[in-house]
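Next up is a structure, given as structure tokens.
The numbers here are math on the coordinates, done by the rules we state, and not lab data. Keep in mind the model is a prediction, meaning the values are calculated, not measured. Note that each Cβ is placed from the backbone with ideal geometry, even for glycine, and that neighbours are counted across all protein chains shown.
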Amino acid sequence: MSDTFKTIARFQYSSEAQIIKGRLEAEGIQVFLSDHLTIDTDPLVSNAIGGVKLKVLSRQALKAQHILSSIEKYSIDDVGNTINCPNCKSEKVALFSTIKDAKSLFWFIFGFIFSSLPFYTKHKYKCEDCKTEFDLK
């Protein structure tokens, strides 16, 4: 039983999983990533195969889950303070990219047609509780 691995988290991209893997390994936990090479080859299949699976030894799963729960998944500012929603004061604020103006749409289409990275994206914050979108000033 002690040599079996248990999946404790799934990530859409392997870069996210690699960061968490490093954190867990720093705590002495053995980590194995499953399907990360497939997703690195073709990121569009991530949802189809269930993402990158982060696995740990079964006997270390509880400690690893405790470490994962201690990592803040919501946005912080440059100083390290939690960003609060200006509408409802919630701390459940996430950064996202938006395509709401002509310039963003043009560069999105250009990147899609020529298979390149977008040259222009606009980032905003969105509260997960009240769905308010806002910029930091």
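Kindly rank 48-56, 21-29 from highest to lowest mean number of other beta carbons found within 10 Å of each residue.
Peptide ranking by packing, descending: 48-56, 21-29.
To continue, here is another question. Using θ = phi - 60° and the Karplus relation 6.51 cos²θ - 1.76 cosθ + 1.60, list the HN-Hα couplings for the stretch 45-56 in order, rounded to whole Hz, with x at every Gly or Pro.
Residue by residue, the stretch 45-56 yields 8, 4, 5, 5, 9, x, x, 7, 9, 9, 10, 10 Hz.
To the nearest 0.05, what FRET efficiency results for L95 and Q12 with a Förster distance of 22 Å applied to their C-beta separation?
It comes out at approximately 0.90.
Here is a further query. If I take R0 = 35 Å and measure r between the Cβ atoms of K103 and R23 in this structure, what FRET efficiency does the formula 1/(1 + (r/R0)^6) give, to the nearest 0.05?
0.40
Given 0.36 nm per residue, what is the gain on full extension from N84 to S69 after removing their alpha carbon distance, in nm?
Fully extending the segment from N84 to S69 adds 3.4 nm.
Once you have the Cα-Cα distance between F114 and L136, take 0.36 nm times their residue separation minus that, and quote the gain in nm to one decimal.
Extra length available between F114 and L136 comes to 4.7 nm.
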